[in-house]
Amino acid sequence: QVQLVESGGGLVQAGDSLRLSCVASGGTFSSYAMGWFRQAPGKEREFVATISWSGNTIRYTDSAKGRFTISRDIAKNTVYLEMNSLKPEDTAVYYCAARRLGVITFIASAYDYWGQGTQVTVSS
């Protein structure tokens with residue numbers, strides 16, 4: 001079965017950069033869409049970015065555009081989220097998600113598999 005494991009979170013200062021990793025296993029991912037979501041205390045789970053496994057299609061939420069970059073390494077079955085110019089409002093638990101079929105999407109309920117999350121805390 002598909003498993004997703006995130007890593008790379010931590011405590012950083014505003015303006016710093018951080019790279020999150022999501023290692024996928026247990027599936028054949030050529031037709032998958034991979035996504036990053038985040039959830040802050042008291043907030044709904046929020047879409048951040050998504051990429052087709054092929055890399056042909058990428059989308060970001062408005063707050064991530066120009067600051068975050070999603071990518072994947074096919075050989076390592078790993079998806080990355082490079083976060084630059086971090087702000088305190090980026091503080092959240094970040095989750096990796098995978099969708100087996102269909103086009104990339106920002107809708108959390110459309111994703112089939114989820115990682116356990118990794119905490120990102122940005123201090124001012």
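The values are calculated or read from the model by the stated rules, or taken from the named source; none is laboratory data. What you see is a predicted model; the values in this text were computed from it and never measured. Quick reminder, even Gly has a Cβ in these numbers, built from the backbone with ideal geometry, and neighbours come from all protein chains shown. The area values use the complete protein model at the heavy-atom level, side chains included, leaving out ligands, DNA and RNA. Shrake-Rupley method; radii C 1.70, N 1.55, O 1.52, S 1.80 Å.
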- Query: What does the charge dipole of the chain about its Cα centre add up to, to the nearest 20 debye, if the Cβ of each Lys and Arg holds +1 and the Cβ of each Asp and Glu holds -1?
  - Reply: 200
- Roughly how many whole Å is it from the C-alpha centroid of the stretch 93-114 to that of the stretch 48-66? 12
- Principal axis dimensions, largest first and in whole angstrom, of the stretch 1-79 by Cα: 37, 24, 23
- Item | Positive-end extreme of charge dipole, the stretch 1-110 - chosen from Thr78, Ala92, Gly27 (charges on Cβ) | Gly27
- What full-extension length gain, to one decimal in nm, is calculated for Thr61 and Ser123 as 0.36 nm per residue of separation minus the Cα-Cα distance? 20.1 nm
- By accessible area (1.4 Å), largest first, Arg99, Arg45, Arg67 order as Arg45, Arg99, Arg67
- Message: Just want to confirm a number: the relative contact order over the stretch 1-88, from Cα pairs under 8 angstrom separated by 6+ residues, in percent.
- Response: 32
- Can you give the accessible area per residue of the stretch 1-100, in Å², using a 1.4 Å probe? 49
- Message: So if each residue of separation counts as 0.36 nm, and I subtract the Cα-Cα distance between Ser109 and Gln3, what length gain in nm does that give?
- Response: 36.5 nm
